[in-house]
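Each remark here refers to the structure printed beneath this line.
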Amino acid sequence: MDRYLITEMVFPFIFGVGAFTTLAMAIGSLFELVRLIAESGLPIQVALQVFVLRAPEMIVLTFPMSMLLASLLAFGRLSGDSEITALRACGVNLYRMILPALILSLGVTGVTFVFNEQVVPVANRQAAITLNRALNRTQPDFRQENILYQEFAEIPQRDGEGQVITRQGLARQFYARSFDGQQMRGIVVLDFSNENLNQIVLAQSGEWQPEENRWLFRDGTSYVVSPEGTYSNIVTFSQQEIQLSRAPLDLAQEVRRPEEMNITELSHYIEVISRSGDDQQVRRLQVNLHQKVAIPFACLTFVLVGVPLGFRPTRTSSSLGLGLSVLIIFGYYVFSFITQALGQIGALGPEVAAWLPNGVGSLTGLALLYRANR
């Protein structure tokens with residue numbers, strides 16, 4: 001029975017992947033590439049290459065959709081042909097019937113997760129590089145100008161009664177005018193680690209020393225600022241080792257979008273950004289991070305919704321199943337877009353924003369399954 005039920009779902013699933021991917025690619029990439037061919041002279045062969053490279057990202061989104069369609073069509077046909085009734089007459093309840101679908105959905109979830117981790121980031125990055133080269137856009141592998149990094153920490157401050165307390169505040173600000181991939185030039189470091197500005201370091205150039213785990217600044221001047229705001233000590237140097245975080249280098253070297261990173265790379269980037277105190281960007285990236293796991297598990301959610309809907313006694317035709325799938329998918333992704341926006345503004349936690357659509361969908365599916373089994 002298990003093999004039979006899985007076989008019934010495989011062919012609608014393959015059909016769904018093809019149909020939904022074609023639709024998603026037409027909406028998401030085809031029109032843009034046609035416009036670039038007409039307006040910017042993008043070569044057709046390059047457009048085809050970019051089109052193929054963008055396909056993996058769309059395929060990841062269509063796997064959950066296809067599981068919903070497969071569930072509706074497979075169990076709808078079984079119900080329409082009274083095979084569900086026959087199985088129930090043999091003592092097989094609906095919870096047992098859904099088990100093969102859940103096993104298949106877990107397998108597809110694993111494939112989706114691996115595909116999203118290993119293939120999608122590389123393909124998206126290569127698509128961006130290919131398109132920019134063809135359009136003569138320069139997109140270096142690092143930021144070349146105006147690298148600004150702010151580091152926040154607990155800063156000792158005096159309250160109104162003169163007591164020393166610690167508060168979260170700006171500890172250091174690092175600025176570099178330019179970066180060539182190895183050296184930064186036109187460096188300015190402001191140190192606020194003792195409540196007020198207490199040191200300024202200017203340097204013509206600087207580079208990160210991985211062996212020493214510190215920066216080496218060259219041809220610069222260090223200004224020690226007194227509490228009154230005057231320079232109490234000025235020191236010039238030809239080269240000097242500075243104990244600072246390597247976060248400015250990490251920030252300068254990372255120019256990829258979240259869609260071009262896997263979970264490990266995105267987690268590291270979030271760690272770098274979190275030190276800068278940019279809470280809004282951190283929240284946005286954290287939502288993206290949790291969605292990289294939540295989206296594959298939508299396969300399981302859609303099976304829980306699709307199977308009980310397929311148990312209806314009326315025969316589910318392919319056109320009706322496809323239409324119902326599109327309606328459910330539209331509602332799911334609208335809700336997902338809303339929770340994502342709420343997560344980015346801080347109204348919801350990143351985990352809740354990413355997983356709430358799956359949670360609501362799964363609970364709805366379980367309620368439908370319980371009702372169908374009564």
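None of the figures in this text is laboratory data; all of them are computed from the coordinates on show. In this text the structure is predicted, and so the values were computed from the model without any measurement. Cβ: placed from backbone, ideal geometry, glycine included. Neighbour counts: every protein chain shown.
Some notes on this structure:
- For the chain, the Cβ-based charge dipole about the Cα centre amounts to some 1640 debye (Lys, Arg positive; Asp, Glu negative; other atoms uncharged).
- Screening the chain for DSSP H helices whose Cα atoms reach 30 Å or more along their own axis and whose mean Kyte hydropathy is at least 0.0 gives 2-25, 44-80, 94-118, 279-310, 318-344, 350-373.
- Relative to the Cα centre, the charge distribution of region 149-299, modelled as +1 at Lys and Arg Cβ and -1 at Asp and Glu Cβ, gives a dipole magnitude of about 320 debye.
- q = 0.12 Å⁻¹: log10 I(q)/I(0) that the Debye formula gives for the chain, counting C-alpha atoms only: -0.97
- Rough spin-label spacing in nm, given labels placed 7 Å along Cα→Cβ, for A153 and R257: 3.6
- Computed FRET value (nearest 0.05) for N136 with A38, which takes r as the C-beta separation and R₀ as 30 Å: 0.95
- Estimated FRET transfer efficiency when R0 is 41 angstrom, pair Q239-Q126 (beta carbons, to 0.05): 0.55
- Region 32-74 and region 198-226 have Cα centres lying 48 Å from one another.
- With 0.36 nm allotted per residue and the present C-alpha distance subtracted, the I165-F15 stretch has 47.6 nm of extension available.
- Pairwise Cα separations in region 145-252 fall into 5 Å bins from 0 onward with the following percentages, short to long: 2, 12, 20, 22, 19, 12, 7, 4, 1, 0.
- Potential extension, A367-V111 segment - 0.36 nm per residue separation minus Cα distance: 89.4 nm
- Helical runs assigned H by DSSP (4 residues or longer) give the chain a calculated mean residue ellipticity at 222 nm of -20500 deg cm²/dmol, each run adding -39500 (n - 2.57) before division by the residue total.
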